[in-house]
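Read-outs throughout are calculated quantities, based only on the coordinates presented, and are distinct from any laboratory measurement. Fair warning: this is a prediction, and the values are worked out from it, not measured in the lab.
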Amino acid sequence: MVVLSPHVHGQNKASALAQDAAYDQVKSLLAAKCNSCHGALKQKAKLRLDTRASMVNGDVIVPGQAGQSLLIERVEDMGEDRMPPLEEGAALKLDEIALLRRWIDGGAKAPAGEPVPQGPAEHWAFQVPRRKPLPKNAGNPIDFFLQKRHDALGLKAQPPAKNTILIRRLYLDLIGLPPTHEQVNDPRSWEVIVDELLASPQHGERWGRHWMDVWRYSDWYGLGEEIRDSQKHIWRWRDWIVDSLNENKGYDQMVRE
């Protein structure tokens, strides 16, 4: 037994490789002949032929009994029930049908854990959004989810920033300029400072640069230093972008204009 075990193990491995190779041939054949109507994207008659599990669950194949399998019955039919249908392409050749028969009679083996291709309806973009429940003492929902991630990574969140730091961040974010000493110690409410910065001309200048990048703004369309190709009046577009942001125009209105 000790002498034979490596030999037996080698035979089992070779058999598994042969089964995987046979299944690869079957999948390639079905992909070429059947999956346009019975794959992940479309399932006529609610039938999928792109995985072994879908074929077994749909009673399309009976492992070990090719003669009792609906798949073989349909691909051998030369009448109205022929698969693939006449308008969809040529019938399977004899050697292709023989390949399917051998695979099914051999137990219709497939690699363990075969992935199932995702259909369009299962994509996250087509799922109904569902709000996750939050604990009553969660506070800000964003902080709740950040804290969960911190806990998972073994990290400790920093304490809330001081008001002077928050004001500095606010100035840099909204107008791109640091606050003066007087501004950073402004005793007014947060909302008042935010509204004042949003209403300042510097807000459009700061965020106008972002939108000029999005719309590929440039003072010239030449290469390198080909100033001769510069657009003499392109600055009007630049000023329009800045003014539009300062006027609080929506993106849709800016596109229409």
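General remarks:
- Straight-line cross-link reach from LYS109 at under 21 Å between alpha-carbon atoms covers these lysines, not counting any fewer than eight positions away in the same chain: LYS13, LYS27, LYS33.
- Highest mobility in the GNM of the chain, judged by mean-square fluctuation with C-alpha springs under 10 Å and restricted to ASP143, ASP105, ASP173, is found for ASP173.
- Of PRO120, PRO85, PRO201, the one that fluctuates the most in a GNM where the chain has Cα springs shorter than 10 Å: PRO201
- Helix 235-246 and the long axis of the chain differ in direction by around 90°, with both axes built from C-alpha atoms.
- Over the range 121-257, relative contact order from alpha-carbon pairs under 8 Å, at least 6 apart, %: 16
- Over 31 Å (Cα to Cα) - which of LYS42/LYS93; LYS136/LYS249; LYS132/LYS156 fall in this group: LYS136/LYS249
- The relative contact order of the chain, computed from alpha carbon pairs under 8 Å that lie at least 6 residues apart in sequence, is 11 percent.
- Maximal additional length on extending the VAL128-LYS148 stretch stands at 4.8 nm, based on 0.36 nm per residue less the C-alpha distance.
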